[in-house]
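A.B. asks: Supplied in C-alpha cells, the structure appears directly below.
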C-alpha cells in the first residue's frame, strides 16, 4: 500500500479533519489538529487495511530562527511540530516490505502565545506503550505538554532542570548546583 | 518447548521463582546502579521489592546525556558523524551508517556499489564485535568470567582490522556521508578472511561455554518472558523482538535488512533468525532471556556469512568508495531506520527551508531506549537476582539511550 492510498483512506474517514497532506515529501505525511490526534491514531492502528501498530518515534521539531537578521529568509513561521513515525507489523507486497506512515501535529510555540506555558497535545500512551518514554523525552527536551500522560516527568535531564534545550531560543544555564555552565 | 499458556506470557505454575513467605515482609526500595557492574554503564534502577520479589522497577536514565541532538542542529552532517560514534559505542560503525543513510536520503544521493559493499562488510563485522561483547558481558552478569575473555580475544582481532581501515579502535567515523572515508587497505581482504576462518569454529565453543551450560540455562530459561504483542507495543526491535516472534505462527522475518533493504542487502544470502529453535532446552519458553541470547548467537553466524559474501564481491565492485556530498542540505525531512545490533536505530534529519549546511533538527531514535522501557513489565514478580539476567538479555548500551 502506498502512502497516497493511506492518505486516501484517512481523508475518506475524516474528511476536512485531515488538515493538510504532503505526498511530494520524501516521507509523505499528513497533519491533524491536536484534538483529533488520538482518534486518527486509533484509526491508523486498528483499521484492518492499515494496522500501523508500531510507533517508531515521536520527535519534537522547533521551527524558529533565533537570529533576527536571518528571520526574513528563514522560510517558515515560528511554530512547533510533533512528528509521529508509524509502521506496521505486517509487511506487505512481494518481496515483503515495511509499511510506514508519518503523522504531524502543528502547534504554536507557546500556549496562547504566552512564553513559558507549554502547548498541549493529547497523549497516545493508551495506544502504544512506546509513547510513554518518547512523550516524556519530547516534554523534557522540546517542551510539549502531553495531556493524559500517566507520568509526565523529565526523563533525560535532572528533575529540577530549567528550560527545554531543544527549543531554538533556549539559553544555556550559567550554573547548575554550583557547577559552572560556561 | 513451551506450552500455549506459557507462550501467553504467564509464568509457569511450577516456577521456582514464586517464593512463598511465611513471614510478613516490608516493602523496600532498593537502588541498583548507577555504578552497579551489571547495569551496563550508568543505568540506575529503583526496585520496589517485597523481600526478594520485585513489584516494580523504575529505570532512571540520563546519566550519560550529552545533548547529541542539540549538537546535531549546530554542526554540519559530516561534523556530526563523530558524535554518532559515541551513541552506541559498541557498534559505532552501524551508527555512522544510520546517520549517513538519513542524510543521503535527504540529499537524494546514490552511493556507488563499491562503497556499499565496504559498508556491508564493515557493518557486519561490527555486528559480530557487538554481539561478542553482548555474549561475554551477559556471561559476566550471570557470574561466569571466562566467556568474556574469549569474546574479547576475538573482538580484539576485529578492532585490529578496523584500526587498519580507519586508525581508530572504538570511535571510527569511518562510514561517512557519500560512502566510506577510505578504501580498504592492501591485503585487508585476505586478513579479514583469515580472521573469519579463525572465528567460525570458535562459535561452537561459545555454545558449549554458555548456550548449553546447565547453570546458564537455569538462569535464563523461562526468565523475563516478553510476549510478542507487548514487544510490539513497546517498540522493541532487533534480537529483543525476534526472540519473541514465532515462525510457526506466521510472524514475519522482522529484520530491516530483509524488509527494508539498504546498501544492497537484498542481494545477499542470509537467514533472519526467528524462533522456534528445535535445539532449545526443554525449559526455555519463547520470548525468554535464553531465546534473546540465542538469537544473537545465531545472528553472529549469519553476519560471518554476510562478511564473506561482501569480501567476495569487493574485488569486482564498481565505482569509487566515496562520492562528494552537496554543500548545502535541501529543504525537507528524511527518516531512516537501520538494523543495528541492538535493534532498529532511526535517524530523522530535517533540512532548513532556506537551504543551509546545518540541519534544522537531528533526532536519533534509539533502539535500546525502547527496548529498556519494557524492563518494568519483564521484572515484575521475579527475584532480585533475575534483574541482571533480564537487563543483560536486553543488551543495552547507555550511550545510545541517553545520547
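A.B. asks: Any idea which residue in region B:37-52 is nearest to residue B:143 (Cα to Cα), counting only those that are surrounded by fewer than 17 Cβ atoms within 10 Å (Cβ to Cβ) and more than 14 Å from chain A (Cβ to nearest Cβ)?
C.D. replies: Taking region B:37-52 and keeping what is surrounded by fewer than 17 Cβ atoms within 10 Å (Cβ to Cβ), we get B:37, B:46, B:48, B:50-52.
Adding the requirement that they be more than 14 Å from chain A (Cβ to nearest Cβ) leaves B:37, B:48, B:50-52.
Values: B:37: 11, B:48: 24, B:50: 24, B:51: 22, B:52: 19 Å.
My answer is B:37.
A.B. asks: Among the residues of region B:47-74, which ones are touching a strand residue (DSSP E or B) at 6+ places or on another chain (Cβ under 6 Å) and closer than 23 Å to residue B:32 by Cβ?
C.D. replies: If the condition is that a residue be touching a strand residue (DSSP E or B) at 6+ places or on another chain (Cβ under 6 Å) and closer than 23 Å to residue B:32 by Cβ, then B:47, B:48, B:49, B:50, B:52, B:54, B:55, B:56, B:57, B:58, B:59, B:60 are the ones that fit.
A.B. asks: Residue A:116: on the phi > 0 side of the Ramachandran plot and either more than 14 Å from every other protein chain (Cβ to nearest Cβ) or buried (at least 22 other Cβ atoms within 10 Å of the Cβ) (or both), yes or no?
C.D. replies: It is true that residue A:116 is on the phi > 0 side of the Ramachandran plot and either more than 14 Å from every other protein chain (Cβ to nearest Cβ) or buried (at least 22 other Cβ atoms within 10 Å of the Cβ) (or both).
A.B. asks: Among B:301, B:358, B:362, which is the only one that is surrounded by 24 or more Cβ atoms within 10 Å (Cβ to Cβ) and more than 30 Å from residue B:48 (Cα to Cα)?
C.D. replies: B:362
A.B. asks: Write out, first by first residue and then by second, each pair whose Cβ atoms fall under 8 Å of each other, whose residues are 6+ apart or on separate chains, and whose first residue, in region B:56-83, is away from chain A (no Cβ under 14 Å) and within 18 Å of residue A:157 (Cα to Cα) while the second is in a loop (DSSP other than H, G, I, E, B) and at pLDDT below 90.
C.D. replies: Going by the 8 Å Cβ cut-off, there are no qualifying pairs.
A.B. asks: Moving on. Need the failing condition index for residue B:141 against (1) at pLDDT below 90; (2) over 18 Å from the mean Cα position of the chain (by Cα); (3) crowded, with 17+ Cβ neighbours inside 10 Å, just the number.
C.D. replies: (2)
A.B. asks: May I ask you to verify whether residue A:98 is at pLDDT 90 or above and within 21 Å of residue B:333 (Cβ to Cβ)? Explain how you work it out, then say what you get.
C.D. replies: Details: at pLDDT 90 or above: no; within 21 Å of residue B:333 (Cβ to Cβ): yes.
When the stated conditions are applied, residue A:98 does not pass them.
A.B. asks: Residue by residue through region B:102-127, note down the ones that are surrounded by fewer than 23 Cβ atoms within 10 Å (Cβ to Cβ) and touching a helix residue (DSSP H, G or I) at 6+ places or on another chain (Cβ under 6 Å).
C.D. replies: Listed by number, the list is empty, since nothing qualifies.
Residue by residue, here is whether (1) more than 12 Å from chain A (Cβ to nearest Cβ); (2) out of contact with any strand residue (DSSP E or B) (no Cβ under 9 Å at 6 or more places or on another chain) holds:
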{"residue": "B:243", "(1), (2)": "yes, yes"}
{"residue": "B:253", "(1), (2)": "no, yes"}
{"residue": "B:259", "(1), (2)": "no, no"}
{"residue": "B:265", "(1), (2)": "no, no"}
{"residue": "B:274", "(1), (2)": "yes, yes"}
{"residue": "B:278", "(1), (2)": "yes, yes"}
{"residue": "B:283", "(1), (2)": "yes, yes"}
{"residue": "B:292", "(1), (2)": "yes, yes"}
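A.B. asks: Just name the residue that is nearest to the other protein chains (Cβ to nearest Cβ) out of those in region A:145-160 that are in contact with a helix residue (DSSP H, G or I) (Cβ under 8 Å, 6 or more places away or on another chain) and within 21 Å of residue B:71 (Cβ to Cβ).
C.D. replies: A:156
A.B. asks: Here's something else I'd like to know. More than 10 Å from every other protein chain (Cβ to nearest Cβ) and either under 30 Å from residue B:127 (Cα atoms) or under 27 Å from the mean Cα position of the chain (by Cα) (or both), is that true of residue B:327?
C.D. replies: no
A.B. asks: Quick one: in region A:50-87, which of the residues that are more than 10 Å from every other protein chain (Cβ to nearest Cβ), within 22 Å of residue B:228 (Cβ to Cβ) and in contact with a strand residue (DSSP E or B) (Cβ under 7 Å, 6 or more places away or on another chain) is surrounded by the fewest Cβ atoms within 10 Å (Cβ to Cβ)?
C.D. replies: Checking each candidate, the answer is A:86.
A.B. asks: Would you check if residue B:189 is over 22 Å from the mean Cα position of the chain (by Cα), under 18 Å from residue B:127 (Cα atoms) and surrounded by 13 or more Cβ atoms within 10 Å (Cβ to Cβ)?
C.D. replies: Judged against the criteria, residue B:189 is a match.
A.B. asks: Would you confirm, using the coordinates I've provided, whether residue B:198 is in contact (Cβ under 8 Å) with a residue 12 or more places away in the chain and under 20 Å from the mean Cα position of the chain (by Cα)?
C.D. replies: no
A.B. asks: Okay, next question. Residues of region A:4-37 being assigned to a helix (DSSP H, G or I) and either touching a strand residue (DSSP E or B) at 6+ places or on another chain (Cβ under 6 Å) or within 14 Å of chain B (Cβ to nearest Cβ) (or both), which ones?
C.D. replies: A:6, A:7, A:10, A:11, A:34, A:37
A.B. asks: Further question on the same structure: Residue check: is residue A:158 over 17 Å from the mean Cα position of the chain (by Cα), more than 26 Å from residue B:338 (Cβ to Cβ) and surrounded by 14 or more Cβ atoms within 10 Å (Cβ to Cβ)?
C.D. replies: Judged against the criteria, residue A:158 is not a match.
A.B. asks: Here are some residues: B:319, B:392, B:310. Which one is at pLDDT 90 or above, in contact with a helix residue (DSSP H, G or I) (Cβ under 7 Å, 6 or more places away or on another chain) and more than 14 Å from chain A (Cβ to nearest Cβ)?
C.D. replies: Only one candidate passes the filter, namely B:310.
A.B. asks: Follow-up question, since we're still on this one. With respect to residue A:105, determine if the residue is in contact with a helix residue (DSSP H, G or I) (Cβ under 8 Å, 6 or more places away or on another chain), within 17 Å of residue B:348 (Cβ to Cβ) and within 12 Å of chain B (Cβ to nearest Cβ). Break it down stepwise before answering.
C.D. replies: Working: in contact with a helix residue (DSSP H, G or I) (Cβ under 8 Å, 6 or more places away or on another chain): yes; within 17 Å of residue B:348 (Cβ to Cβ): yes; within 12 Å of chain B (Cβ to nearest Cβ): no.
No: the conditions fail for residue A:105.
A.B. asks: Continuing with the same structure: If you go through region B:175-227, how many residues are outside any strand (DSSP E or B) and in contact with a helix residue (DSSP H, G or I) (Cβ under 8 Å, 6 or more places away or on another chain)?
C.D. replies: So the answer is 36.
Condition check ((1) within 21 Å of the chain's Cα centre (by Cα); (2) part of a helix (DSSP H, G or I); (3) modelled with pLDDT of 90 or more) across all residues:
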site: B:59; (1), (2), (3): yes, no, no
site: B:63; (1), (2), (3): yes, no, no
site: B:81; (1), (2), (3): yes, yes, yes
site: B:89; (1), (2), (3): yes, no, no
site: B:96; (1), (2), (3): yes, yes, yes
site: B:103; (1), (2), (3): no, yes, yes
site: B:115; (1), (2), (3): no, yes, yes
site: B:120; (1), (2), (3): yes, yes, yes
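A.B. asks: What single numbered condition from (1) out of contact with any helix residue (DSSP H, G or I) (no Cβ under 9 Å at 6 or more places or on another chain); (2) at the interface with chain B (Cβ under 10 Å from one of its Cβ atoms); (3) assigned to a loop (DSSP other than H, G, I, E, B) fails to hold for residue A:136?
C.D. replies: (3)
A.B. asks: Something else about it: Do any strands (runs of 3 or more DSSP E) lying entirely in region B:301-403 carry at least 1 residues that are touching a residue at least 24 places away in the same chain (Cβ under 8 Å) and closer than 30 Å to residue B:144 by Cα, and which ones are they?
C.D. replies: Qualifying strands (runs of 3 or more DSSP E): B:332-340, B:343-351.
The values are calculated or read from the model by the stated rules, or taken from the named source; none is laboratory data. Computed from a predicted structure; not experimentally measured. So basically every Cβ, Gly included, is an ideal-geometry build from the backbone, and we count neighbours across all protein chains shown.
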